[in-house]
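Below you'll find the structure, written out as C-alpha cells, and then a few comments.
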Amino acid sequence: MKALKNILSVLVTIAVPLFLIMTVIRLLFNPLSLQIEYNLPGFPADPYGFSTEDRLHWGTSSVKYIVNNEDIRYLSEQKLSDGQPLYNERELDHMLDVQILFQLMVRVWAGLSVFLILTGVLAWRVKQLPDSWKAVSMGGYLTLGLIGLVLVGIFVGFSGFFTGFHRLFFSGDTWLFNFDDALIRLFPLKLWQDGFTAAGALSGVFGLISALLPGRWSKS
C-alpha cells in the first residue's frame, strides 16, 4: 500500500504541470486571443496587404480548424478576395500537423483531468488527502521550475527557442515558409513570442496557486 501511495504521489506531481500547461494552451487557442494580439500597439503590419480585419477573419478560421478538428477541406476551400487559395499545399500540410498535435494534446489533457480527479477521490476515501495535496503542491513547484526555464529561453533568444520547439514537435522542415505565405502573414514571429510569454505567465500563476493553496487546505 505504501509503495502504491508513493507511485501515485510521483505520478500526480508529474501530471500537475502537464495538466496546467495544457489547460493554458487550450484557453489561449481561441479567436479572442487573436483579437487582442492583432490590436496590440506595435504589432507588425502585414507588408503584403492583410488588414487587421483580414488577419482576424482568416486567423479565426485557422484556429477553428485546429480546435474543432475540422477536415482539411475546411481550410483548402478558404479563398482570398482575388480567388486564390488562402494556403498553399505546404501550408495545408503543416496546418494538418498542427491540428493532429493539438487534438492529441486535448486527449492527453482529458486523460490527465480524469486521473487527477480519480486520485483525489481515492485519497479522500482512504483518508490520505494531506499526502495528495502535498503531491499537488510539489507539482505546482515543478511547474514554476519548468516555466522559469521556458521564459529564460524566450527572453535569451526566442528565434532559437522557437526553432527548437518546431524541431521537437514537427518532422523535417515542413514548418518553414516564405515571408509572403499566408501563415507567416497571419501568425508572425511576434504573435508566437507574445503567445509563449502569455502561456508561461499564466502557467506560472496556476503553478504558484497549486504550490501554495494545497498546504492551506491540508491543514484546514
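The values are calculated or read from the model by the stated rules, or taken from the named source; none is laboratory data. Everything quoted here is computed from the prediction, not taken from an experiment. Heads up, the Cβs are rebuilt from the backbone with ideal geometry, glycines too, and the neighbour counts pull from every protein chain shown. Quick note on the areas: whole protein, heavy atoms, side chains included, nothing else; ligands and nucleic acids left out. Shrake-Rupley method; radii C 1.70, N 1.55, O 1.52, S 1.80 Å.
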### Residues that are open to solvent by less than 50 Å² (accessible area, probe 1.4 Å) and without any contact (Cβ under 8 Å) to a residue 24 or more places away in the chain, drawn from segment 1-37
none
### Task
Output the residues belonging to segment 135-164 that are touching a residue at least 12 places away in the same chain (Cβ under 8 Å) and among the aromatic types (Phe, Trp, Tyr).
141, 158, 161, 162
### Task
Give the residue that is nearest to the chain's Cα centre (by Cα), with candidates limited to residues of segment 19-44 that are hydrophobic (A, V, I, L, M, F, W, C) and assigned to a loop (DSSP other than H, G, I, E, B).
29
### Task
Looking only at segment 75-82, decide whether some residue is in contact with a Leu (Cβ under 7 Å, 6 or more places away or on another chain), open to solvent by 50 Å² or more (accessible area, probe 1.4 Å) and of a type in the set (Lys, Arg).
yes
### Summary
Going through segment 45-62 in order, the residues found to be in contact (Cβ under 8 Å) with a residue 24 or more places away in the chain, open to solvent by less than 50 Å² (accessible area, probe 1.4 Å) and either farther than 25 Å from residue 184 by Cα or assigned to a loop (DSSP other than H, G, I, E, B) (or both) are 46, 50
### Whichever residue in segment 86-106 is without any contact (Cβ under 8 Å) to a residue 12 or more places away in the chain and either in a loop (DSSP other than H, G, I, E, B) or under 19 Å from the mean Cα position of the chain (by Cα) (or both) and, among such residues, is nearest to residue 63 (Cα to Cα)
100
